[in-house]
Amino acid sequence: MTRIAGFITVAGILGVTVGVSILTVTRTPASGPEASRPALAATAPPAKPRAGRVLSVEAAFKELDLIRPSRQKLAEDFTLSTPKGKKIKLSDYRGKLVFMNFWATWCPPCREEMPAMQRLWEQQKDNGLVILAISLDSDPDVVPSFVKNHGFTFPVLVDPKMATANVYGVRALPSSFIIDRQGNMTALALGPRTWDNDAAQSLFEGLGR
């Protein structure tokens, strides 16, 4: 995989590291002759298979150069707000696969990888993937216009005082964490990745099963 060069160091974060040491619809019967006919179940067309290579989870880990935790550990719970003030709690997504990304509007590698995150979101959200993009901008007011102007539709949270970043030991941007359906930390990526390539799609498909 071609790595996107470089990533931005976050100054002043001295947090503790984690993970590295870390629906059928039935047809309403009609009156008259139609009423004697059995109701038919409406079925959705089968999902169109994704084009491209399908890798094993292990091969995807290797191609994406991800870090595995040395032992199984629950991801630290937290509550953060969206730019509009809605509270989001990580544990509310237990049972779903969570891709958590720390970023900032002033971080060029973050801005470079986020369109791929959007494409990943569009491909995998119906399969149960949750993306939580956590902005570390000190001024949360800059976030909504940035998100709108770039057409990002995945959930965005703000962490202006870096409290959650501190808990997760974030020292560089972008930093991404993958949390499995049981709430366990599964993988860490330091620096940008191409999150919509075959390896990434295969990884989230495999972990989501």
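Return the only residue of E113, E58 being on the phi < 0 side of the Ramachandran plot, in a helix (DSSP H, G or I) and more than 15 Å from the chain's Cα centre (by Cα).
Numbers: E113 fails: more than 15 Å from the chain's Cα centre (by Cα).
Sole residue among the options that is on the phi < 0 side of the Ramachandran plot, in a helix (DSSP H, G or I) and more than 15 Å from the chain's Cα centre (by Cα): E58.
Taking the range 154-184 as the search range and keeping residues that are among the small types (G, A, S) and in contact with a strand residue (DSSP E or B) (Cβ under 7 Å, 6 or more places away or on another chain), which one is farthest from D92 (Cα to Cα)? Write out each step before concluding.
At the first step, the residues of the range 154-184 found to be among the small types (G, A, S) are 163, 165, 169, 172, 175-176, 183.
Next cut, in contact with a strand residue (DSSP E or B) (Cβ under 7 Å, 6 or more places away or on another chain) only: 165, 172, 175-176, 183.
Values: A165: 19, A172: 26, S175: 22, S176: 19, G183: 10 Å.
Per the criteria, the residue is A172.
Suppose we filter the range 92-117 for residues that are touching a Gly at 6+ places or on another chain (Cβ under 7 Å), open to solvent by less than 40 Å² (accessible area, probe 1.4 Å) and not hydrophobic (A, V, I, L, M, F, W, C); how many remain? Outline the logic, then answer.
Taking the range 92-117 as the starting set, the residues that turn out to be touching a Gly at 6+ places or on another chain (Cβ under 7 Å) are 94, 96-97, 109.
Among the residues that remain, those that are also open to solvent by less than 40 Å² (accessible area, probe 1.4 Å) are: 97, 109.
Applying the additional criterion that residues be not hydrophobic (A, V, I, L, M, F, W, C) yields 109.
Total meeting the criteria: 1.
For the range 166-184, which positions are open to solvent by less than 10 Å² (accessible area, probe 1.4 Å), over 17 Å from W121 (Cα atoms) and β-branched (V, I, T)?
V170 - this is the single residue of the range 166-184 that is open to solvent by less than 10 Å² (accessible area, probe 1.4 Å), over 17 Å from W121 (Cα atoms) and β-branched (V, I, T).
Among the residues of the range 185-209, which ones are in contact with a strand residue (DSSP E or B) (Cβ under 6 Å, 6 or more places away or on another chain) and polar (S, T, N, Q)?
The one that is in contact with a strand residue (DSSP E or B) (Cβ under 6 Å, 6 or more places away or on another chain) and polar (S, T, N, Q): T186.
Looking at the range 75-113 only, could you name the residues that are farther than 30 Å from R209 by Cβ and in contact with a Leu (Cβ under 6 Å, 6 or more places away or on another chain)?
Within the range 75-113, A104, C107 meet the criteria.
The values are calculated or read from the model by the stated rules, or taken from the named source; none is laboratory data. Remember, it's a predicted structure, so these values are computed and weren't measured experimentally. Don't worry about glycine lacking a Cβ; one is built from the backbone with ideal geometry, like all the others, and counts go over all protein chains shown. When the accessible area is computed, the model is the full protein with side chains, heavy atoms only, and any ligands, DNA or RNA have been set aside. Shrake-Rupley method; radii C 1.70, N 1.55, O 1.52, S 1.80 Å.
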